[in-house]
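Below is one structure; the comments refer to it alone.
The values are calculated or read from the model by the stated rules, or taken from the named source; none is laboratory data. Values in this document were obtained by computation on a predicted structure and should not be read as measured data. Cβ sites come from the backbone with ideal geometry, for glycine too, and all protein chains shown count toward neighbours. In case anyone asks, the SASA skips ligands and DNA or RNA and just uses the protein heavy atoms, side chains included. Shrake-Rupley method; radii C 1.70, N 1.55, O 1.52, S 1.80 Å.
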Amino acid sequence: KILIIGACGQIGTELTHKLRAIYGTENVIASDIRKLNNDVVNSGPFEVVNALDFNQIEHIIEQYHIDEVYLMAALLSATAEKNPAFAWDLNMNSLFHVLNLAKAKKIKKIFWPSSIAVFGPTTPRNQTPQYTITEPSTVYGISKQSGERWCEYYHNIFGVDVRSIRYPGLISWSTPPGGGTTDYAVDIYYKALADKKYECFLSGQTELPMMYMDDAIRATIAIMQAPAENIKIRSSYNLAAMSFTPTEIAAEIQKHIPDFEMTYNPDFRQKIADSWPASIDDSAARKDWGWQHQWELANMTADMLDHLK
Ligand code: VAH
């Protein structure tokens, strides 16, 4: 059975629905810090779990005979800058709890999300390689870089089967994002439909790696279903689909909403975005476990506007 911690988050929500469709609703236990009134909670088994409470997690694992855990709870980049101590605590200690449960053989497999935020201002920005300089300059990035080191350590020393992906910015219509720097690329669709205008908190030329949520969920399930011997990288895999700038996504939206207007008013998140790569080399994921993205800016924009209108 599968436990998703952080099942009501931006990734967790769609991940829960997809996993329930594949493995059966009763075999996928959703959990989050609070019981919200949404379809993740109302469509299958749900438990209130604090990702920082080891005993709570251990109890749920024993109660439901869980063998796989997807740990999706975290503070993202923008929020983490405002709450560094809590962000470090939540992002790191939730990981240690799950790694230690696997070390104690209480669970068999872990998925843990990393991010392009592990890269920093000294990382080569274009087609960033799988192995390169990682000097993250954000609290979130530091926690993800450290988490990757611990995942690899627990795999090498204790044989823990933990698998991880460095997600780019993720865009979805079904869940609002929570405190990320790439969230402009989600907000813009809502605002284009509601107001036909959007004030972007990043400058128009800020190129960032992005991915449609459908691709991100498919990659998450693919890496977890791959035979263990194919997972050669136990820190975290680079993963990519597309890169675009705010001006490019605005132009794509204008093909559907001709009088859509974009203005730019960069805020503190510009500095975070400027520390991240513009594009990512994900050849290792494509080689080791057959990754292949399906969504680009044009078909994603059509799909987003179609779902949100
Ligand atoms: C964030 N959406 O903006 C997340 C992600 C690469 C970006 O880590 O913090």
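Taking the square roots of 5 times each eigenvalue of the Cα gyration tensor of segment 133-276, largest first, gives ellipsoid semi-axes of 33, 17, 11 Å. Normalising the average separation of contacting C-alpha pairs (under 8 angstrom, six or more residues apart) by the number of residues puts the relative contact order of segment 1-150 at 21 percent. Its convex hull of Cα atoms gives segment 70-214 a direction-averaged projected area, equal to a quarter of the hull surface, of 9.9 nm².
Coupling constants for segment 113-120 follow from the phi torsions by the Karplus curve (6.51 cos²θ - 1.76 cosθ + 1.60, θ = phi - 60°), and in residue order they are x, 10, 7, 5, 5, 6, 8, x Hz; glycine and proline get x.
Here segment 225-274 yields Rg over Rh of 1.23, to two decimals, using C-alpha coordinates and the Kirkwood radius. In this structure, the amide hydrogen of MET242, modeled 1.01 Å from its nitrogen in the peptide plane, lies closer than 5 angstrom to those of MET210, counting only residues at least 5 positions away or on a different chain. If we count every other residue with Cβ under 15 angstrom of LYS109's Cβ, Lys/Arg +1 and Asp/Glu -1, where does the sum land? Local net charge: +3.
Converting the Cα gyration tensor eigenvalues of segment 1-107 into ellipsoid dimensions via √(5λ) gives semi-axes, longest first, of 22, 18, 11 Å.
Sorted on the mean count of surrounding Cβ atoms within 10 Å across their residues, most packed first, peptides 193-203, 109-119 read 109-119, 193-203. Mean residue ellipticity, 222 nm, helices only, the chain: the sum of -39500 (n - 2.57) across DSSP H runs of n ≥ 4, divided by residue count and rounded to 500, is -13000 deg cm²/dmol. Distance from the alpha carbon centroid of segment 239-288 to that of segment 73-138 works out to 21 angstrom. Over 31 Å between Cα atoms, which of LYS1/LYS271; LYS144/LYS232; LYS108/LYS287; LYS35/LYS271; LYS35/LYS105 qualify? With Cα atoms farther than 31 Å apart: LYS1/LYS271; LYS35/LYS271.
Solvent-free Debye calculation, one equal scatterer per alpha-carbon of segment 109-187: log10 I(q)/I(0) at 0.17 Å⁻¹ equals -0.77. Backbone phi angles across segment 54-59, fed through the Karplus curve with coefficients 6.51, -1.76 and 1.60 (θ = phi - 60°), yield HN-Hα couplings of 4, 5, 4, 5, 4, 5 Hz in residue order; Gly and Pro are listed as x. Between LYS232 and ASP161, residue separation times 0.36 nm minus the direct Cα-Cα distance comes to 24.4 nm.
State the percentage of accessible surface on the chain attributable to carbon and sulfur atoms; use a 1.4 Å probe and exclude ligands, DNA and RNA.
Answer for the chain: carbon and sulfur cover 53 percent of the accessible area.
Helix 139-158 and the longest principal axis of the Cα set of the chain meet at an angle near 30°. I want to make sure I understand the PRE zone here: with the label point 7 angstrom from the Cα of THR132 toward its beta carbon, which residues in segment 272-305 have backbone N atoms less than 19 Å away? Label zone hits: 272-288, 293. Note that segment 16-124 presents 44 Å² accessible area per residue, ligands and nucleic acids not counted, probe 1.4 Å.
Fully extending the segment from LEU36 to ALA251, taken as 0.36 nm per residue of separation minus the present Cα-Cα distance, adds 73.8 nm. A simple count of charges around CYS151, restricted to other residues whose Cβ falls under 10 Å of its Cβ and scoring Lys, Arg +1 and Asp, Glu -1, yields +1. In sequence order, segment 161-173 has phi-based couplings of 8, 10, 10, 8, 10, 8, 5, x, x, 10, 10, 9, 9 Hz under the Karplus curve 6.51 cos²θ - 1.76 cosθ + 1.60, θ = phi - 60°, and Gly or Pro positions carry x.
Place the peptides 78-90, 171-183, 137-149 in order of packing, highest mean first, counting for every residue the other Cβ atoms within 10 Å and averaging per peptide.
137-149, 171-183, 78-90
Here r is the Cβ-Cβ distance between ARG286 and ASP259 and R0 is 51 Å; the resulting FRET efficiency, rounded to 0.05, is 0.80. Quick one: which residues, 5+ away or cross-chain, put their amide H under 5 Å from the amide H of ILE280? H built at 1.01 Å from N. So ILE280 has HN proximity to GLN127, THR128.
Annotation: segment 208-309 has a Kirkwood hydrodynamic radius of 15.7 angstrom, from the mean reciprocal C-alpha pair distance. P(r) of segment 75-149 in 5 Å steps, Cα pairs, percent per bin? Per 5 Å bin, starting at zero, the Cα-Cα P(r) for segment 75-149 comes out as 3, 16, 24, 20, 16, 13, 7, 2, 0 percent. Surface analysis of segment 218-282 yields an accessible area of 40 Å² per residue, using protein heavy atoms and a 1.4 Å probe. Considering only Cα atoms, the convex hull volume of the chain works out to 120 Å³ per residue.
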